[in-house]
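The values are calculated or read from the model by the stated rules, or taken from the named source; none is laboratory data. The structure presented is a predicted model; accordingly, all values stated were derived computationally and were not measured. Backbone-built Cβ (ideal geometry, glycine too); neighbour counts: all protein chains shown.
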Amino acid sequence: MRMPWPDVLTSLLDSVRYSTLVSYTWEQPRLLLLLPLVPLLFVLRWVLARRRRSKLGVAFVAGQLPRDWSTVLRFVPDVVLALSLSFGVVALARPQRTDERVVQTGEGIDILLVLDVSGSMELQDLRPNRLEAAKRLAREFLDGRQGDRVGLVVFAGDAYSLAPLTTDYDLLRDNLQGLRLGMIPNDGTAIGTALGVATNRLRDSRSRTKVCILISDGENTAGSLDPLTSAQLAHAYGLKIYTIGLGQDGTVPYGTDEAGQPRFVETRLDETTMRQIAQAAEGQFFRATDNAGLRQIFGQINRYEKSEIKQTRYRNTLDYHRTYLFWCIGLWLLWLALKNTFLTNALED
């Protein structure tokens, strides 16, 4: 289909704009270094012609010779020829534009972070306390995801779905940042209830891999669902559960007393139940007694459950050298036509 002449003219005029020229990539950019040589050719031609030109001494009367504006027109053919050569150089440099399209293929996985926010998460054997350490490492875990849907469930004596499955990781980071001790009035550790909420959230997922990461520091003390029964129900819906037990057993620091002295409390993790939950749902149990251990655990889970997202890049390169070749040939023909007019000096040219 041929373009209308107005569109052709518009395209030609647009091709000589500065913004158009700088938008190109060049297949042979070094050839553009020849452009400064074009005016030098005309300077060299003028010098050689001046040396060969025969001179005749003629005495003129005193006064200035009249100058006519038409004498400037004699430079028009040289300007046209210089432009023709310049456009030829631009065409040889092969101006191009590349349109790149990236297509991602591969199926992400669905992950639910189930985080304990009960009062015991205030203990300070992990710095600055158990909850803040878990939040920080959960954010780092999010940084390693790509294309996976992640959700957030929090629990103490009750359990709530705080964020649905989403790929909006900024939203999830904001939700993690907003977690605080006491946000659930009913204190306690309802692990079974939390797993039930997670299963209800993931059971309708069509993802091939559904993962639940349970982070807690205590034993099940609240809720009406048995943790092991909840884990078996989750496995029936295709969930894989990783359990992370936080903190040390025994005496750990817990703030200060009225005199400003460190206060200590006794704490114990029901490691047996946490292991059984992981085994029932084909997952794995991890124990984190310090910040470094917790970071390693999240890193290991991240390697286990990293979805494979493939990127296919399509590059469509358009070459615009023909436009400048058209300019070159057109101006060359115009120069040939001007040579047969009064604008040129037949004795010199």
> Going by the conditions given, is LEU152 at pLDDT 90 or above, assigned to a helix (DSSP H, G or I) and not small (Gly, Ala, Ser)?
Replying inline: no
> Which of the residues belonging to region 111-120 are touching a Gly at 6+ places or on another chain (Cβ under 9 Å) and closer than 29 Å to GLN146 by Cβ?
Replying inline: ILE111, LEU112, LEU113, ASP116, VAL117
> For the subset of region 258-285 comprising residues that are in a strand (DSSP E or B), in contact (Cβ under 8 Å) with a residue 40 or more places away in the chain and over 41 Å from the mean Cα position of the chain (by Cα), which member is nearest to TYR242 (Cα to Cα)?
Replying inline: THR267
> (1) within 24 Å of ASP249 (Cβ to Cβ); (2) free of Cβ contacts under 8 Å to residues at least 60 places away in the same chain: which one isn't true of THR166, the others all being true?
Replying inline: (1)
> Going by the conditions given, is GLY247 under 42 Å from the mean Cα position of the chain (by Cα), at pLDDT below 90 and under 21 Å from GLN124 (Cα atoms)?
Replying inline: yes
> Which residue out of ASP226, ASP204, ASP187 is assigned by TED's automatic domain parsing to the domain that holds GLY293, out of contact with any Cys (no Cβ under 8 Å at 6 or more places or on another chain), closer than 16 Å to SER120 by Cβ and charged (D, E, K, R)?
Replying inline: ASP187
>> Going through GLU140, GLU132 one at a time, which residue ends up being within 22 Å of LEU269 (Cα to Cα) and surrounded by fewer than 22 Cβ atoms within 10 Å (Cβ to Cβ)?
In response: GLU132
> So which residues in region 155-174 are of a type in the set (Ser, Thr, Tyr) and assigned to a helix (DSSP H, G or I), if there are any at all?
Replying inline: TYR169
> If you scan region 202-234, which residues turn out to be crowded, with 17+ Cβ neighbours inside 10 Å and assigned to a helix (DSSP H, G or I)?
Replying inline: LEU202, PRO227, LEU228, SER230, ALA231, LEU233, ALA234
> Considering region 11-27 alone, what residues qualify as being not in a helix (DSSP H, G or I) and not aromatic (Phe, Trp, Tyr)?
Replying inline: VAL16, ARG17, SER23, THR25, GLU27
> Can you pull out the residues in region 110-126 that are out of contact with any Lys or Arg (no Cβ under 8 Å at 6 or more places or on another chain) and among the β-branched types (Val, Ile, Thr)?
Replying inline: VAL114
> How many of the residues making up region 175-198 are within 11 Å of SER118 (Cβ to Cβ) and either within 36 Å of the chain's Cα centre (by Cα) or in a loop (DSSP other than H, G, I, E, B) (or both)?
Replying inline: 10
>> Just to check your reading of the model, which residue among GLY178, GLY151 is over 29 Å from PRO262 (Cα atoms) and of a type outside the set (A, V, I, L, M, F, W, C)?
In response: GLY151
